[in-house]
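Please treat every number below as a calculation from the coordinates, not as lab data. Here the structure is a predicted model, which means the values were calculated and not measured. So basically every Cβ, Gly included, is an ideal-geometry build from the backbone, and we count neighbours across all protein chains shown.
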2 protein chains.
Amino acid sequence: MSNTQITAEPGMPHIIITREFSAPRGLVFRAHTEPGLLVRWLGPRDLTTTIDHWDVRNGGTWRYVQRDPDGNQYGFHGVFHGDPSPDAIVQTFEFEGAPGHVCLQTMTLAEHGGSTLMRAVLAFQSVDDRDQMVASDMERGTRDSGDRLDELLAKLQVS
Amino acid sequence: MSNTQITAEPGMPHIIITREFSAPRGLVFRAHTEPGLLVRWLGPRDLTTTIDHWDVRNGGTWRYVQRDPDGNQYGFHGVFHGDPSPDAIVQTFEFEGAPGHVCLQTMTLAEHGGSTLMRAVLAFQSVDDRDQMVASDMERGTRDSGDRLDELLAKLQVS
């Protein structure tokens, strides 16, 4: 089960992702910014995520590595623009397998009736870059991440 | 006289700017990264630019203020993604008159026969944001900046 919506209009250098979480936005925000929580939900289920560094502030850089069961490693890094808040986390994002191809990600969290709507806009340097991202495993990773975050938020609210 | 090309396709959240300069790319790069040179060409001719801070490195933040003859002030800030080099300067950009509206700018410099082709891709979070930028004074500012940079590069090569 997944209520993740992924929109990638043909010919547009954007991907828009939305998902509803049954949790207050403060908690959803914490899950996106505290490295100890982030590694528990980020990425496809069969990959493990290790944070290299994670500096949540304006100009703060971050990097993490994901490893699959065969030992392959996938590095990602970026920079925060502005101090992240529940209103918006704005950051650059680069997959180290395609150096020089950077995207700008803007995530907003809107709470209503105890639930939180996450909306992320991924803006790419070209339609080709966007299409490469769509052709990669991003859809599975995004849906798995949402499901895993759902599960983590449920645990955090019980405990 | 201006050889600046500004392309803004309808319905696309991008602006692409190109311009040829009669100078080696190392010098064009210096003019984009050294604050003492930057203030001598950046912006429309009738505005003066003051650097608030300017930290040219991965994760480095920058901010400058432009003042018009009537004393109005326009602030801009952003963050560098990756260490800037003549191959690419990648940075976020936000006009403080429209907080929360961020664009990702990628500038590349290609030298051939002593001239340098500058190409910049401005990727916006939405088509509306792109259209707002086009509707602003950006075209005049971009053409003036290119002309002023041309003049500065000529002076730097004579002296």
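Before moving on, here are some points about what is shown:
- Taking 7 Å steps out from each Cα toward its Cβ at B:Ser85 and A:Glu9 produces label points 3.6 nm apart.
- Set of region B:92-108 residues, backbone N closer than 16 Å to the point 7 Å along the Cα-Cβ line of B:Gln73: B:95-98
- The value obtained for region B:63-159, namely the Cα convex hull volume divided by the number of residues, is 136 Å³ per residue.
- Measuring nothing but how far apart in sequence close Cα pairs (under 8 Å, 6+ apart) lie, relative to its length, region A:1-108 scores a relative contact order of 14 percent.
- From its DSSP helices (H runs of at least four residues, each -39,500 (n - 2.57)), the protein assembly as shown gives a residue-normalised ellipticity at 222 nm of -8000 deg cm²/dmol.
- Coordinate range along principal axes, alpha carbons of region A:80-134, Å, largest first: 40, 23, 16
- Placing +1 on the Cβ of every Lys and Arg and -1 on the Cβ of every Asp and Glu, with nothing else charged, gives region A:94-159 a dipole about its Cα centre of roughly 260 debye.
- HN-Hα J in Hz across region B:68-82 - Karplus 6.51, -1.76, 1.60, θ = phi - 60°, x for Gly and Pro: 9, x, 8, x, 5, 10, 10, x, 9, 8, x, 9, 7, 9, x
- Between B:Val158 and B:Ser115, the modelled label-to-label distance comes to 2.1 nm, taking each label 7 Å out from Cα in the direction of the beta carbon.
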